[in-house]
1. Considering only residues of the stretch 145-163 that are surrounded by fewer than 21 Cβ atoms within 10 Å (Cβ to Cβ) and of a type in the set (Gly, Ala, Ser), which is modelled with the lowest pLDDT?
2. Could you tell me how many of the residues in the stretch 226-251 are over 25 Å from Thr125 (Cα atoms) and surrounded by fewer than 24 Cβ atoms within 10 Å (Cβ to Cβ)?
3. Restricting the search to the stretch 124-140, which residues are of a type in the set (A, V, I, L, M, F, W, C) and surrounded by fewer than 22 Cβ atoms within 10 Å (Cβ to Cβ)?
4. Restrict the check to the stretch 272-287 and report whether at least one residue is crowded, with 23+ Cβ neighbours inside 10 Å, modelled with pLDDT under 95 and within 16 Å of Gly16 (Cβ to Cβ).
5. Could you check the stretch 76-86 and list, in sequence order, the residues that are touching a helix residue (DSSP H, G or I) at 6+ places or on another chain (Cβ under 7 Å) and either in a helix (DSSP H, G or I) or of a type in the set (Gly, Ala, Ser) (or both)?
6. On the given criteria, is Ala8 touching a residue at least 12 places away in the same chain (Cβ under 8 Å) and touching a Phe, Trp or Tyr at 6+ places or on another chain (Cβ under 8 Å)?
7. Of all residues in the stretch 9-47, which are open to solvent by less than 90 Å² (accessible area, probe 1.4 Å) and modelled with pLDDT of 90 or more?
Amino acid sequence: MYTSTEDARSDLFLSGAVYVIGPAALEIVRGLVPLDRIPGVTEVLTLLVPVATTALVPYLLMRYRNESFGQYGYGAGLPPNFGVGLLLALPVIVASVLTALVATGDPLAGLGVAQLVFGSALAFTARLLTWVGLGFLAAYVTVKARDAFRSDYRTVREETIALGRILGMIAAVAVSIALLFTRPGAGGFNSGELFAVIVLLPLGVAVSVVLLIRTLRGPSATSRATMLTPVVLLALGPFQLAFRVIELALTVRLAVAYAGIGLIIGALQESRRSAVAGLGLTVAIALLSTL
C-alpha cells in the first residue's frame, strides 16, 4: 500500500485532530444545544463519542481511498499475534490489580470488567469502545506515518529502546514530583498506599515495554517519525493543562502511560506488520485493567 506524502499527511493530521480536539468540541456543542434533555440521547452519546473520536475518521478515510483492513494488518497472524498482545498487557493488569488491592482492599476493583458486574454496563461498554478505538487509531496513524514522513531508517528495536528511555525519564520526573507534593492522608491513603497508587500503573506500562523489547525479532526497519506518531497522539488524549504542580504531574504521569501503550502498538505494527497484536493488547487493557 502506498499513499502520496501529501495525502498521507492530511489523513494523519485529520485523524489526530479529531481525536485531540473532538471531545472538547462535542462538549461545547452539548453545552450550547440541550441534547441531554432528550431521553436516551445521553446514553447514545456515551457510546458514540468514543467511536467518533477514534475509529470513525480513519474508517471513513479508508473507505474514501479504497483501502482494506488487510492493508493495515488486520487478520495477519491471528491468533498468535493476538496472544502476543494479551501477554504484553499482563504487567498492566497486574499493576491495576495490585493498585486496587492497596487502595480498596478488593483486587477485583482493578479489573475493568468489574464495571459490568458491579457498576454500569454502559460505562463498561464505553470503556471497551474507547480502548478498541484507540488501538485502531494508533495502528492507522503508524501506517500513515510511514508515507507521511521521510527520515533516516533504523531498526524497530533501536527506536523502541530510545523512545522507551525518554518516556521512562519523563515518567520518573512526574512520579517523583507527584510523590513529593502529595501529603500522606490525601484520599485516605498513608504514605505507602500513596506510593503504590501513584507508581504501580506507570511501572506496569514500563514493564510491558521491556517485555515488548524482548519479543522483537529481526531487523525490521522503521523511522523515528513513524514510531513517534502513535506515542505523541495517545499521550495528547489524556493530557490536560493544570496550574497546580501536583495536578500537572499526575496528568503527565497518565499521559506517559498512554504514550507507552502507543509505543507498544507502533512497535508491534512495524515489527509484525499486524494490528492484531495491538488489538489483543487494547482489549485486555479494557477488560482487565483500570488504565
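The values are calculated or read from the model by the stated rules, or taken from the named source; none is laboratory data. Since the structure is predicted, the reported quantities are computational estimates derived from the model, not experimental observations. No Cβ is skipped: glycine too gets one built from the backbone with ideal geometry, and neighbour counts run over all protein chains shown. Heads up: the accessible areas ignore ligands, DNA and RNA and are worked out on the full protein's heavy atoms, side chains in. Shrake-Rupley method; radii C 1.70, N 1.55, O 1.52, S 1.80 Å.
1. Looking at residues that are surrounded by fewer than 21 Cβ atoms within 10 Å (Cβ to Cβ) and of a type in the set (Gly, Ala, Ser), I get Ser151.
2. Residues flagged as over 25 Å from Thr125 (Cα atoms) and surrounded by fewer than 24 Cβ atoms within 10 Å (Cβ to Cβ) within the stretch 226-251 amount to 12.
3. Correct list: Phe124, Ala126, Leu128, Leu129, Val132.
4. No.
5. Just the residues of the stretch 76-86 that are touching a helix residue (DSSP H, G or I) at 6+ places or on another chain (Cβ under 7 Å), to begin with: 76-78, 81-86.
Result: Ala76, Gly77, Asn81, Phe82, Gly83, Val84, Gly85, Leu86.
6. Working: touching a residue at least 12 places away in the same chain (Cβ under 8 Å): yes; touching a Phe, Trp or Tyr at 6+ places or on another chain (Cβ under 8 Å): no.
The answer is no for Ala8.
7. Ser10, Asp11, Leu12, Leu14, Ser15, Gly16, Ala17, Val18, Tyr19, Val20, Leu47
Each row is one residue, and each column tells you yes or no for (1) open to solvent by less than 80 Å² (accessible area, probe 1.4 Å); (2) of a type outside the set (Gly, Ala, Ser); (3) under 20 Å from the mean Cα position of the chain (by Cα); (4) modelled with pLDDT under 85.
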site: Met1; (1), (2), (3), (4): no, yes, no, yes
site: Ser4; (1), (2), (3), (4): yes, no, no, yes
site: Gly73; (1), (2), (3), (4): yes, no, yes, no
site: Gly85; (1), (2), (3), (4): yes, no, yes, no
